[in-house]
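The values are calculated or read from the model by the stated rules, or taken from the named source; none is laboratory data. Not measured: the values here are computed from a predicted model. Because the Cβ atoms are built from the backbone with ideal geometry, glycine has one as well, and the counts that use them run over all protein chains shown.
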Amino acid sequence: MIKTIFFDIGGVLIDIHPERTYQYLSDSADIDISTIEKKFPWGAHDKYERGMLSNEEWFQAYKESLPQPCCLKSSDFWNAWKILLGKEKNTVQILDSLKQKYFIWLLSNTNSKHIQDEIEKRYLFPKLVDGTVYSFDVGQRKPEKKIYKIAVHLASAKPQECLFIDDLVENIQAAESVGIKGIHFKSSRQLKNELLRIGIINNT
């Protein structure tokens, strides 16, 4: 019996727009957008989302990854980082309705800047949940198995009593490998239908 439901954030509860971020960075640094995309420092980003780099260290790592000399300003970088996050999706209404019967948690690969400066200030859904598991807080990232085990522990739950909703199939597969039921999110309508199918919500 499901008692706890974990939601991913980006792509599930809010829209994300990497193309807007890349374009802003391209315009700000006067570097063509294909280079901006190609040079993205995924290794440093991984460390940043594990809480291993400060905001300033992440900015410097990003700037150093671009062709030098680079004129990218810190203020422009963080503006680009901000506009990655779009509007809340209709999924938030589903989350809100589930609160009446289930414990609701967030489980996300993310960073302190987005959470503290944007998500906690701009959106409704953080105020609706019972708890959060953020990669930068626990030093682990999806789809690593350990983050799911940490999430279950923090929620004082059992894997077989948990449901995880994410837009990336590899994250769902990893959750299922530790005994958590998963739904691969594609749209709010599809999610509602899946929740109906497995008996999480009723068609009333």
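Observations on the model:
- Hits in the stretch 49-65 - residues which are farther than 22 Å from residue 142 by Cα, without any contact (Cβ under 8 Å) to a residue 24 or more places away in the chain and either assigned by TED's automatic domain parsing to the domain that holds residue 116 or polar (S, T, N, Q) (or both): 60
- Leading residue by the ranking (farthest from residue 94 (Cα to Cα)) among those in the stretch 115-160 that are β-branched (Val, Ile, Thr) and out of contact with any helix residue (DSSP H, G or I) (no Cβ under 7 Å at 6 or more places or on another chain): 115
- Residue 186 being modelled with pLDDT of 95 or more, in a loop (DSSP other than H, G, I, E, B) and not polar (S, T, N, Q): yes
- Screening the candidates 116, 60, 93 for the property of being over 20 Å from the mean Cα position of the chain (by Cα), farther than 24 Å from residue 170 by Cα and either at pLDDT 95 or above or of a type outside the set (Ser, Thr, Tyr) (or both) yields one hit, 60.
- If you filter the stretch 29-63 down to residues that are under 18 Å from residue 18 (Cα atoms) and hydroxyl-bearing (Ser, Thr, Tyr), you find that the one that is surrounded by the fewest Cβ atoms within 10 Å (Cβ to Cβ) is 34.
- Residue in the stretch 1-28 that is surrounded by the fewest Cβ atoms within 10 Å (Cβ to Cβ), counting only those that are β-branched (Val, Ile, Thr) and in a loop (DSSP other than H, G, I, E, B): 2
- So residue 202, is it assigned to a helix (DSSP H, G or I) and either more than 17 Å from the chain's Cα centre (by Cα) or not assigned by TED's automatic domain parsing to the domain that holds residue 56 (or both): no
- Residue match in the stretch 36-48 (condition: touching a Cys at 6+ places or on another chain (Cβ under 8 Å), assigned to a loop (DSSP other than H, G, I, E, B) and either more than 23 Å from residue 133 (Cα to Cα) or assigned by TED's automatic domain parsing to the domain that holds residue 179 (or both)): no
- Neighbours by Cβ (under 7 Å, 6+ apart or cross-chain): first from the stretch 148-159, closer than 14 Å to residue 107 by Cα; second at pLDDT 95 or above and aromatic (Phe, Trp, Tyr): 151/6; 151/105; 155/103; 155/105
- Against the conditions (1) at pLDDT below 95; (2) among the small types (Gly, Ala, Ser); (3) under 24 Å from residue 21 (Cα atoms), residue 199 satisfies every one except (3).
- Taken over the stretch 64-85, the criterion of being crowded, with 18+ Cβ neighbours inside 10 Å, assigned to a loop (DSSP other than H, G, I, E, B) and under 18 Å from the mean Cα position of the chain (by Cα) is satisfied by 84 alone.
- Residue within the stretch 88-95 that is crowded, with 19+ Cβ neighbours inside 10 Å and farther than 25 Å from residue 202 by Cα present: no
- Single condition residue 162 does not satisfy, out of (1) closer than 13 Å to residue 2 by Cα; (2) exposed (fewer than 15 other Cβ atoms within 10 Å of the Cβ); (3) touching a strand residue (DSSP E or B) at 6+ places or on another chain (Cβ under 7 Å): (2)
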